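**Q** Below are the structure tokens for one structure; questions will follow.
The values are calculated or read from the model by the stated rules, or taken from the named source; none is laboratory data. Treat the numbers as computed from the prediction; the structure is a model and nothing was measured. We place every Cβ from the backbone using ideal geometry, glycine too, and count neighbours over all the protein chains shown.
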Amino acid sequence: MQLSVRDTARLLNVTEKTVYRWIKLQTIPAYRVGDQYRFSRAELLEWATARRIPLAPEIFQEDHDASAELPSVSLALKAGGLAYRVGGRDRAEVLRAVVDVLHVPDEVDRNFLYQVLLARELLGTTAIGDGIAIPHVRNPIVLQIVRPQITLCFLDHPVDFGALDGQPVSILFTLISPTVRAHLHLLSHLAHVLQHPGLRQALRAQGSREEILALVAAAEAGIPPRVA
């Protein structure tokens, strides 16, 4: 969905004047189309999450009647799994190690996936603060996977991801999806889930798979329902 300035102001709970000020300062991801500005919902979500800007509930609502077909964060995390003591001393090494532990079919080109994840990271950090990052591609691509998945990795060594809060990253949620729609759905819901204080605490403590999945499900239950 291409959002207007008015849409963006509503979703960020700010005035249109504030949005135009951010555009002028070139701090918000915006695209000029003719004499108007447009915004990507996914990029806006990333931008706001990294800056801890409160989001209106509408950003979590789906635009399609088939939203019931979309996976939950819990199911995607069960599909992707958890990995502990993942190696790497810098962003490139970490992403290489993460790609190596992803549960993807043999026909998926892991080197290509690594390259696009790294390219996305070089465009702007996917770190969202508190030692957490959400590596994913800038423009969702279709991979040879049956269902979306989120893989949670705990790093052996905290790594500088260029986070706005200056904290090194030790927790990564890597998102891959077979469709753009599922990608946007999971990205928005994951951003909401990660606001849950109990989950944040369990992540810092590198809790068990069962504990983390239970907390994710509890946090996801608080996401506003879609308005028909």
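**Q** Taking into account only those residues within region 79-89 that are surrounded by fewer than 18 Cβ atoms within 10 Å (Cβ to Cβ) and either among the charged types (D, E, K, R) or under 15 Å from the mean Cα position of the chain (by Cα) (or both), which is farthest from V146 (Cα to Cα)?
**A** Taking the candidates together, the pick is R89.
**Q** Could you tell me how many of the residues in region 36-61 are in a helix (DSSP H, G or I) and either of a type outside the set (D, E) or modelled with pLDDT of 80 or more (or both)?
**A** Total meeting the criteria: 11.
**Q** If I go through region 108-125 residue by residue, how many of them are assigned to a helix (DSSP H, G or I) and in contact with a strand residue (DSSP E or B) (Cβ under 8 Å, 6 or more places away or on another chain)?
**A** Within region 108-125, residues that are assigned to a helix (DSSP H, G or I) and in contact with a strand residue (DSSP E or B) (Cβ under 8 Å, 6 or more places away or on another chain) number 2.
**Q** Next question. Cβ-Cβ under 9 Å, sequence separation 6+ or interchain: first residue in region 74-100 and farther than 21 Å from L187 by Cβ, partner of a type in the set (F, W, Y) and in a helix (DSSP H, G or I). Which pairs?
**A** A92/Y114; R96/Y114; D100/Y114
**Q** Residues to consider are I128, I176; find the one that is touching a strand residue (DSSP E or B) at 6+ places or on another chain (Cβ under 7 Å) and surrounded by 13 or more Cβ atoms within 10 Å (Cβ to Cβ).
**A** Within the list I128, I176, the selection yields I176.
**Q** Take region 150-162 and flag every residue that is buried (at least 19 other Cβ atoms within 10 Å of the Cβ) and closer than 23 Å to V216 by Cα.
**A** Selection gives I150, T151, L152, C153, L155.
**Q** A further question on this structure: Looking only at residues in region 155-189 that are assigned to a strand (DSSP E or B) and either of a type in the set (D, E, K, R) or at pLDDT below 90 (or both), which one is nearest to G207 (Cα to Cα)?
**A** Per the criteria, the residue is D156.
**Q** Restricting attention to region 127-154, which residues are at pLDDT 90 or above and either in a loop (DSSP other than H, G, I, E, B) or among the acidic types (D, E) (or both)?
**A** Hits for region 127-154 are D130, G131, I134, P135.
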